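Shown next, in structure tokens, is the structure this report addresses.
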Number of protein chains: 2
Amino acid sequence: MSSLQLVNPRVRGIRGSPHSGLQSLAARITQEITQGAQKPFKGVIDVSSGDPHKAGVKPISFVRQVLAVCLHPQLLKNKTLPLDVRMRAQRLLEVCDGGSVGSYTASSGMPHVKQSIAEFITRRDAGVPSHAEDIFISAGSQRALMVVVKLLASGEGETRTGVLTPRPCPHTLPPLLDEAGVTLVPYQLMEDRGWAVDLDELHRALKTARGRCEPRAIYISNPGNPTGHVQDGKSIEEVIRFAAAERLLLLVDEVYQDSVYGQEKEFISYKRVLFEMDKEYSETVQLVSFHSISSACMGECGLRAGYMEQVNMDPEVTHFVDTMLCTDISTPVTGQLALDLMVNPPKPGDPSYDTYTQESLLTLATLSQNAQRVQEFLNDLPGMSCQPAMGGIYLYPCLHLPSEIIEKAKKLEVEADVLYCQMLLEEEGVFLGAGCQYDGTTGNHHLRLSILVPPDTLEEVLDHLGSFHLRFVRDKLPRPDGGVKDRDMGENLRPFSTAGTFPMN
Amino acid sequence: MSSLQLVNPRVRGIRGSPHSGLQSLAARITQEITQGAQKPFKGVIDVSSGDPHKAGVKPISFVRQVLAVCLHPQLLKNKTLPLDVRMRAQRLLEVCDGGSVGSYTASSGMPHVKQSIAEFITRRDAGVPSHAEDIFISAGSQRALMVVVKLLASGEGETRTGVLTPRPCPHTLPPLLDEAGVTLVPYQLMEDRGWAVDLDELHRALKTARGRCEPRAIYISNPGNPTGHVQDGKSIEEVIRFAAAERLLLLVDEVYQDSVYGQEKEFISYKRVLFEMDKEYSETVQLVSFHSISSACMGECGLRAGYMEQVNMDPEVTHFVDTMLCTDISTPVTGQLALDLMVNPPKPGDPSYDTYTQESLLTLATLSQNAQRVQEFLNDLPGMSCQPAMGGIYLYPCLHLPSEIIEKAKKLEVEADVLYCQMLLEEEGVFLGAGCQYDGTTGNHHLRLSILVPPDTLEEVLDHLGSFHLRFVRDKLPRPDGGVKDRDMGENLRPFSTAGTFPMN
């Protein structure tokens, strides 16, 4: 292994993410500030990815109190902690082997937590039954997705497994598919319809893919990451019929199910819609749904736990899911316990109920207000437009760039939206995600912006973004003398790598 | 994906582990007892794998107190907690993004923790320098190992990557190598020399493998899992010279470095030995060393964190380590903080120093006493022999079985040691690991037994094991009437699957 030639070709083929490059740059700038460098900003504000605690959102108190007691059980006697906190901790410690969060668990998760999840899903879906044995807990929903995609992976060339993937999609998805060894088959979401899924486009994507690979699954993100779109029952049913007709496994990322804030919008699960359809669908269509404690209201990204529910899967396939999870040994216990608390929160009358409810509602209210504020702000900027969002934690505005900027970016061998984000980061300390889904025909690029941040932080972001954007656009406009004021459009930027270092969700 | 045929052939090829089957059986028995079934024992005692907290070993108080405060920072004001606990928690919260354990971290780990680890290694190795950029934190050492092995994997047939693997080895290793797609090349450890590594055997194994695959790495476990052997400097130097001559990457599992208890034995790291050799070695031999919070003294298996240090690795290869860790998003933060506490414990004079030291010393004393007790006990049983252990948390006794038992096992299509463990579990509720390394010529089998359990639990295990073993052997001895009393030797056992469900370390 003394040379690069010897690295596994599949690993070598994992695409570099411009997001990772931007993250390295953000880390470098932060380090420079720590070391005393003078910048026109106090520090980097990162709204590129969904990391609410990093952005200053507070954790749910009940969750943290219960986990603290589970880690240090002497706190069971601490009467300053609410009674339901201590009772819940006691109960959770009883279901940990040896009464300790330091023990391994079954690789597919703690039976008690799986049971809590199944009951939560049954309640959520108005009684459609869910079973603990169909629940698989993992260190985050991404890890569960990787397990399923790896099971699907096979073949080479035209028999190679393909996965229909929305465009735009979560920025962590393409490298995951690369690593698993499957082909990404893009289908375009409809920006002018608020990023809806379009059935004709699904058929087109599938038709184009056949012969190049063997499409075996379709990935959906609902509420949409990064689009903020929320599907209604009719749209979901269409996708299910499509998957059934084309014999595709449905991989449904529903991690933002707790954060739908659009007027008269609600989250409806794929499973619920499926079970309200005829038996020819409800008993045959294979579906895997993912959820996570990194979701909006919990925001416990650092604790690492998520789960998938499998519906209509072949038990022999499920057996291999277990085999794959085994190599992870087990999911972090603190994360599993947080998962239990997420799906089984305090009930009315419990001492922690009011605080828990207020904290959750505050998150939803923040999302809703921030979404409206950002959308209006961005639509007022020249060369920027933003679809309204109805759920999730992102906005995905469109950047209409003058052709000379796109040309400049081409010379620098970087996407124009990456260049935009890089300059914004260097000049204003604001870190936005680059969409990187330029299609070459429209000159349009996109930005990804997390809105799960405290409102005052958001105002700071908009201040910096607004002045940068106006400068960026103005400096590209013709000057009175007929020339183009070609400020430091990238020339003075530091070398920039797309090497993967800090991917986040 | 409606049929098994469609599961990724590599995943289908992961070998079933008899350990998983035994774990399922143990879980079933536990469930039956919970549901009121009458058994001749109160519950299952699991000494099959290293899960100290499950077995009743207490966690280190300092670790749990600091983590509790980090989760629920209001405890910073709780004066019943030692001052150094609160100060350390404060410091750790400062290095968490947004001051929260709920934020993502860099995928290769928190810079502060990597720095602590590098300083720990430098102290441990008497000044041999270690650098934070060579440290990669992951959700357990097994995960880090998987990343490196996947980087190595390539080729098919005689160009397929092979990894020299000790026999016996950690029971989680063979499925890991299967999943990564590399060939396991076994080398036998020398039981009659306390499970030492033998140079001639390494050469023999390598020679046999060449032409069948392309050996590119050698895996070593020191202190040995499950053998308890501890290598001296001379043996380590021999292995390093062998690896250098044969251009093999050294993968050294050193997770039990904190638990050497043999008289006049000490842990010496491969890195330290390497750096005391000539430059032709110290500047060229590629080495990766693994450590984990699941180690003996911490025993925090459920929190999931470990690290690897890379020595002399090509920076371009290291780049891909980052890429691979990216798909895990990030290592659990509670685990990373526990890692920081493990490598940077309280110092003399700190309020928590005495308790911390007592708790750690108690673990070492327990291991030492238990090792001696079990070894003597087993060597007194007919048909059983046990090499002395010097470190780690396992004993690996040899079971000399009468040929009729081996024949019986063959009829039942199960290894004789698995049959032994299955009957012991059903009849006495004691769960030992099966060695499964029968070589067909000696009639010898092996058992794996964790000795990191409270002494009174150990006595219970030995009671049950002793009476079972005598029954097992006696029932196979010729009776006065000349027949063989063929008790329920497996006939009444329930169906037993080797399907993977609950692997542990």
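The values are calculated or read from the model by the stated rules, or taken from the named source; none is laboratory data. Keep in mind it's a predicted model, so treat the numbers as computed, not measured. Virtual Cβ from ideal backbone geometry, glycine too; neighbours counted across all protein chains shown. Side chains included, ligands, DNA and RNA excluded: accessible areas come from the protein's heavy atoms. Shrake-Rupley method; radii C 1.70, N 1.55, O 1.52, S 1.80 Å.
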Evaluate segment B:142-162: report whether one residue or more is of a type in the set (G, A, S), open to solvent by 10 Å² or more (accessible area, probe 1.4 Å), closer than 22 Å to B:L287 by Cα and without any contact (Cβ under 8 Å) to a residue 24 or more places away in the chain.
yes
Before we move on, is B:D200 in contact (Cβ under 8 Å) with a residue 12 or more places away in the chain and open to solvent by 10 Å² or more (accessible area, probe 1.4 Å)?
no
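This table checks each residue for (1) more than 30 Å from B:Q31 (Cα to Cα); (2) surrounded by fewer than 16 Cβ atoms within 10 Å (Cβ to Cβ); (3) of a type in the set (K, R).
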| site | (1), (2), (3) |
| --- | --- |
| A:L6 | yes, no, no |
| A:S24 | yes, no, no |
| A:S48 | yes, no, no |
| A:S61 | yes, no, no |
| A:L71 | no, no, no |
| A:Q74 | no, yes, no |
| A:Q90 | no, yes, no |
Filtered residues of segment B:218-228 (kept if assigned to a loop (DSSP other than H, G, I, E, B) and within 14 Å of another protein chain (Cβ to nearest Cβ))
B:N225
Hits in segment A:322-339 (condition: modelled with pLDDT of 95 or more and more than 7 Å from chain B (Cβ to nearest Cβ))
A:Q336, A:L337, A:A338, A:L339
Tell me which residues, restricted to segment B:290-302, are more than 9 Å from every other protein chain (Cβ to nearest Cβ) and open to solvent by 10 Å² or more (accessible area, probe 1.4 Å).
B:C297
Segment B:303-321, subset modelled with pLDDT of 85 or more and facing another protein chain (nearest Cβ under 7 Å), residue farthest from A:A106 (Cα to Cα):
B:D314
Test of understanding: among B:A55, B:A68, which residue is facing another protein chain (nearest Cβ under 9 Å), at pLDDT 95 or above and within 28 Å of the chain's Cα centre (by Cα)?
B:A68
Residue under question is A:P18, and the condition is that it be away from chain B (no Cβ under 11 Å) and either at pLDDT below 90 or open to solvent by less than 10 Å² (accessible area, probe 1.4 Å) (or both); does it hold?
yes
Test: B:K271 is surrounded by fewer than 21 Cβ atoms within 10 Å (Cβ to Cβ) and outside any strand (DSSP E or B):
no
Taking segment B:93-111 on its own, how many of its residues are on the phi > 0 side of the Ramachandran plot and free of Cβ contacts under 8 Å to residues at least 40 places away in the same chain?
2
Which of the residues belonging to segment B:292-302 are out of contact with any strand residue (DSSP E or B) (no Cβ under 6 Å at 6 or more places or on another chain) and at pLDDT 90 or above?
B:I293, B:S294, B:M298, B:G299, B:E300, B:C301, B:G302
If you scan segment B:321-379, which residues turn out to be in a loop (DSSP other than H, G, I, E, B), touching a Phe, Trp or Tyr at 6+ places or on another chain (Cβ under 8 Å) and over 18 Å from B:L92 (Cβ atoms)?
B:I329
Considering only segment A:115-140, state which residues are within 14 Å of chain B (Cβ to nearest Cβ), more than 16 Å from A:H319 (Cα to Cα) and at pLDDT 95 or above.
A:Q115
Name every residue in segment B:451-477 that is under 20 Å from B:A416 (Cα atoms) and either assigned to a helix (DSSP H, G or I) or at pLDDT 95 or above (or both), in order of residue number.
B:H464, B:L465, B:G466, B:S467, B:F468, B:H469, B:L470, B:R471, B:F472, B:V473, B:R474
The residue that is modelled with the highest pLDDT, considering only those in segment B:410-445 that are open to solvent by 10 Å² or more (accessible area, probe 1.4 Å) and under 28 Å from B:M298 (Cβ atoms), is B:A434
Identify, from the list B:S103, B:S61, B:S48, the residue that is at pLDDT 95 or above and under 27 Å from the mean Cα position of the chain (by Cα).
B:S61
With the requirement that a residue be outside any helix (DSSP H, G or I) and touching a Phe, Trp or Tyr at 6+ places or on another chain (Cβ under 8 Å), what does segment A:229-255 give you?
A:H229, A:V230, A:L248, A:L250, A:L251, A:V252, A:D253, A:E254, A:V255
With more than 27 Å from B:G391 (Cα to Cα), within 14 Å of chain A (Cβ to nearest Cβ) and surrounded by 19 or more Cβ atoms within 10 Å (Cβ to Cβ) as the only criterion, which of B:P175, B:P215 stands out?
B:P215
